[in-house]
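Notes to accompany the following structure.
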Amino acid sequence: MAKNSYAVFGMGAFGTRLATALSQSGNTVLICDRNAARIEELKEKVADAVIADATNEEVIRELNVDKFDAVILGMSSYFESQVLALTLLKQAGAKKVIIKSKSAIQEKILYRLGADEVIQPELDVASRLARKLSMANISDIFEFKGSAIADVLVPPELENIPLRDLDLRGKYNITILLKYTPDGLNVCAIGPDTVLKAGDQLTVFRDQKSIIELFRGK
């Protein structure tokens, strides 16, 4: 059974990757682009594919966009088209419109016009890379609602101490979700008597500031 339904407009690199990833995850995905060759190439990878212009009011109406959990506009190279498509989608009752933006100015305008979420993938990737490069023991970190999930390496100061004595939850507001073998492939059982070794790989959750302070390394 499909998880959710999405419509993705604009089959550039971003839209193509997003649509195929959503479909592979079990979601129902409709794609739309004016480029017939792109639609022909991708149509077998999604539930439905339409050759059409997202700035055409009749097209938006016929697609019944209110049935989708979210509509994603990926054609950030054509800002005027995004503005028009956003307006038409909102008028047609789209539940949630997510738009790819190229600048902070565009982001502000799109929010004022009713966009539910505006993303700047290039900036997001750059920010994550900067964090990764500046925090030696944190290989990845994902923020949400004031908390975070991170993949980290155990620093030397936590080595050879049972989890019961470390009391990461009480002292640092951090919970260990998973512990991996050194190659990062297999999940290991954890409990109060588990002893961490420097270089062990963990997935941790909770307070972002505490995770960074404890695991970022020297």
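The values are calculated or read from the model by the stated rules, or taken from the named source; none is laboratory data. Predicted model, so just to flag it, every value in this text is computed and none were measured. Methodologically, a virtual Cβ is constructed for each residue, glycine included, from the backbone with ideal geometry; neighbour enumeration extends over all protein chains shown.
Some points to look at:
- Checked against the criterion of being touching a strand residue (DSSP E or B) at 6+ places or on another chain (Cβ under 6 Å) and under 16 Å from Ser101 (Cα atoms), region 56-71 has at least one qualifying residue.
- Yes/no for Gln82 being buried (at least 20 other Cβ atoms within 10 Å of the Cβ), part of a helix (DSSP H, G or I) and either modelled with pLDDT under 95 or at positive phi (or both): yes
- Exactly one residue among Ala7, Ala54 is in contact (Cβ under 8 Å) with a residue 40 or more places away in the chain, in a loop (DSSP other than H, G, I, E, B) and not aromatic (Phe, Trp, Tyr), and that residue is Ala54.
- Hits in region 17-32 (condition: touching an Asp or Glu at 6+ places or on another chain (Cβ under 9 Å) and either within 15 Å of Met75 (Cβ to Cβ) or in a strand (DSSP E or B) (or both)): Thr28, Val29, Leu30, Ile31, Cys32
- Hey, Leu42 buried (at least 19 other Cβ atoms within 10 Å of the Cβ) and out of contact with any helix residue (DSSP H, G or I) (no Cβ under 9 Å at 6 or more places or on another chain) or not: no
- Selection count where residues are in contact (Cβ under 8 Å) with a residue 24 or more places away in the chain, part of a loop (DSSP other than H, G, I, E, B), charged (D, E, K, R) and surrounded by fewer than 13 Cβ atoms within 10 Å (Cβ to Cβ), scope region 141-178: 0
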